[in-house]
Amino acid sequence: MDYIYRKITPVVERGAKYYPVVVVTGPRQSGKSTLCRHIFESYSKYNLEDIALRESIMLDPKAFLSRCGDKVIIDEVQHIPQLLSYIQIEVDEHPERRFILTGSSNFALMESITQSLPGRAVMFTLLPMSLEELGSYSFKPTDELLFNGFYPSVVTDQRPVDLFYPNYYTTYIERDVRQIKNLTDIVPFQTFIRLIAGRVGCEMNASQIANETGVSSPTIKSWLSLLEASYIAFLLPPYFANLSKRLTKTPKVYFYDTGLLCFLLGIENAGQLETHPLRGAVFENLAVIELLKERMNMGKLPNLFFYRENSGREVDIIRSSGEGLEAFEVKSARTFNKSFVKNLNYLKDIMGDKIKSANVIYDGNNIPPNIFNIRSMYQIN
């Protein structure tokens, strides 16, 4: 299949004009290498997943950098973090040199870049494909979209879902966890990640999950950090406001891809989603991640929150900007109901002019004013 244009392209190109080092992070298989090789076609290319190449570079990093050319793409650079210090020297001594680096371990890579390349590198995050990038593929039934997910291998290469996600889980998630944490017993972690999946869209209670998993609460928090570092799951923070309301302080957990989420939930085909008790939560996950992709594809930091009072009154998504707040209520129903706007109207009443827009995202086709179909979410302003 032909290359599918990625929305992040202009900001990556712009970053390369002003910085000698461009870093593109994101989940494994999200298309980082394909993107960079498409934008920077003339650059030399090296992939540090190649163990023999890694060993050769580690023996003499300076020799590698001296022969690899002035314009270089290095994939999965987190495997040799010490290489970044040598790249710093190269770009300082030879301003004409340009490096494009990709990595799939956010925390480790960020720490290395902060230490080794301050002021010399610009970073971007490429997530799996967005609905806007899918084109005609996005017109598949919603349950099929949720189940298939948005990794390019599934969308563009049409790899069977029942083969892709089990392989992705064992090849990348379990392997990366073992490498980072040196786990000798993977079973508790397997239990943990499936428990997390079962709580998608819920507030993260580490103590409760620790009790069910049989490990300590600090271990649960450590494992959650691993999922965040590997772009598997993330925490959506609560919105804090100076209101006379008691607001929750606990973040919610979501996944970066609904296809992987469905696999972890044990859903084996799209038809099972129709009556699955967590179908609404999976749909909500899609809405959250699409708004996050929109932000990341502009090269900007996340600006999403949720609103929840201790009384239980809640609005699913709050998007913050310099102009104010946008509120989104997410409903997986295919028929619009006026009750969907109840909490949005409540929030507008208590926050007044801070709320610049209040919108419902739902799964139907009849779209009244200010009601957005999941397939046109990217058009929300």
Revision key, fill the gap. So, relative contact order of segment 9-125 in percent, Cα under 8 Å, 6 or more apart, is 40 percent
Exercise for review: Filter the GluC sites (Glu not before Pro) in segment 251-343 down to the DSSP loop ones having no more than 15 other Cβ atoms within 10 Å, then list what survives.
Suggested key: E268, E274, E323
Exercise for review: Sum up the charges of everything whose Cβ sits under 12 Å from the Cβ of N310, counting Lys and Arg as +1 and Asp and Glu as -1, but leave N310 out.
Suggested key: +2
Check your understanding: Between segment 146-201 and segment 1-72, what is the C-alpha centre distance in whole Å?
Key -> 25 Å
Check your understanding: Relative contact order for the chain: what is it in percent, counting Cα pairs under 8 Å that are at least 6 residues apart?
Key -> 15 percent
Revision key, fill the gap. At R0 = 41 Å the Cβ-Cβ FRET efficiency linking S222 and K338, nearest 0.05, sits at 0.35
Check your understanding: If R0 is 25 Å, what FRET efficiency do you get for S321 and S207 from their C-beta distance, rounded to 0.05?
Key -> 0.10
Review point. Full extension from L163 to S357: what is 0.36 nm times the residue separation minus their Cα-Cα distance, to one decimal in nm?
Key: 65.7 nm
Practice item. Only helical DSSP H runs with n ≥ 4 go in: add -39500 (n - 2.57) per run for the chain, normalise by residue count and round the 222 nm mean residue ellipticity to 500 deg cm²/dmol. Key: -11500 deg cm²/dmol
Practice item. Round to a whole angstrom and tell me the spacing of the C-alpha centers of segment 75-92 and segment 223-266. Key: 31 Å
Check your understanding: Toward the positive end of the charge dipole of the chain, about the Cα centre and with charges on Cβ (Lys, Arg +1; Asp, Glu -1), which of F192, Y254, L48 goes farthest?
Key -> Y254
Study note, to complete from the structure: 1/(1 + (r/R0)^6) with r = Cβ-Cβ of Y3 and L53, R0 = 22 Å, i.e. FRET efficiency to nearest 0.05, evaluates to 0.30
Exercise for review: Kindly write out, for segment 312-318 in residue order, the coupling ³J(HN,Hα) from the Karplus curve 6.51 cos²θ - 1.76 cosθ + 1.60 (θ = phi - 60°), rounded to whole Hz, with x marking Gly and Pro.
Suggested key: x, 5, 8, 10, 4, 9, 10
Study note, to complete from the structure: Note on segment 127-247: alpha-carbon gyration tensor, axes a ≥ b ≥ c; rule is a/c under 1.5 for rounded, else prolate if a/b larger than b/c, else oblate; result oblate
Review point. Dipole magnitude of segment 9-125 about its Cα centre, charges +1 at Lys/Arg Cβ and -1 at Asp/Glu Cβ only, in debye to the nearest 20?
Key: 280 debye
**Study point:** Farthest toward positive dipole pole in segment 9-125 [+1 Lys/Arg, -1 Asp/Glu at C-beta], among L84, V122, P61
**Key:** V122
Review point. Within the set K221/K331; K32/K62; K45/K71; K71/K300; K249/K342, which residue pairs have Cα atoms separated by over 19 Å?
Key: K221/K331; K32/K62; K71/K300; K249/K342
Point to revise | Given the chain, longest segment not containing exposed loop chymotrypsin sites (Phe, Trp or Tyr not before Pro) (DSSP; at most 14 other Cβ within 10 Å) | key: 6-239
Revision key, fill the gap. Answer in debye to the nearest 20: the dipole magnitude of the chain about its Cα centre, from +1 Lys/Arg and -1 Asp/Glu charges placed on Cβ, is 880 debye
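Values quoted throughout were computed directly from the atomic coordinates according to the rules given, and no laboratory measurement underlies them. All figures in this text were calculated on a predicted structure; none of them were measured in a lab. Because the Cβ atoms are built from the backbone with ideal geometry, glycine has one as well, and the counts that use them run over all protein chains shown.
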